[in-house]
Amino acid sequence: MRPPETRHSLIVRLKNQRNDVAWTEFVCAYEPFLVRLVRKQGTPDRHAADVTQQLLMTIAKSVDGWQPDGKAASFRRWLGCVARNVVIRFMTRERKQITGQGGSEFLVVLEEFTDVSID
């Protein structure tokens, strides 16, 4: 799938966060591309939708600062940098979270220990 064609007029309209028509158009055109960027950065499939949402929120907050650099695909390169940063922040938070281990096998092991009496 080819990346969407970047239209400068759409990007200018995105700078108004309340322009629902522009944001709907952007999401429809760019969401598949953004999901691929997120996955390409190493995001597990189970988190791709959440990270893509975070990426869209970050784009909304920072698109006002984007300036074309005069080279081809400058907006897509900018999106790639933003995606990389969002994924890094997400993965860093994920690694810091303590996750429990469990399941039915672990419950059986725990039940074995409840029968042990301590004197």
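Side notes on the structure shown:
- For region 98-114, the count of residues that are under 22 Å from the mean Cα position of the chain (by Cα), exposed (fewer than 10 other Cβ atoms within 10 Å of the Cβ) and at pLDDT below 95 is nonzero.
- Complete set of residues in region 42-61 that are open to solvent by less than 50 Å² (accessible area, probe 1.4 Å), among the hydrophobic types (A, V, I, L, M, F, W, C) and within 10 Å of the chain's Cα centre (by Cα): 48, 51, 55, 56
- Flag for residue 90 being modelled with pLDDT of 80 or more, aromatic (Phe, Trp, Tyr), assigned to a helix (DSSP H, G or I) and more than 17 Å from residue 8 (Cβ to Cβ): yes
- So residue 69, is it without any contact (Cβ under 8 Å) to a residue 24 or more places away in the chain and open to solvent by 60 Å² or more (accessible area, probe 1.4 Å): yes
- Among the residues of region 12-41, those that are within 20 Å of the chain's Cα centre (by Cα) and among the aliphatic types (A, V, I, L, M) comprise 14, 27, 29, 34, 35, 37, 38.
- The set of residues from region 15-25 being more than 14 Å from residue 58 (Cα to Cα) and touching a residue at least 24 places away in the same chain (Cβ under 8 Å) is empty.
The values are calculated or read from the model by the stated rules, or taken from the named source; none is laboratory data. Note that the structure is predicted; figures quoted are calculated from it, not measured. Cβ coordinates were reconstructed from backbone atoms using ideal geometry, including for glycine residues, and neighbour counts include every protein chain displayed. To get the accessible areas, we keep the full protein, side chains included, count just its heavy atoms, and leave off ligands, DNA and RNA. Shrake-Rupley method; radii C 1.70, N 1.55, O 1.52, S 1.80 Å.
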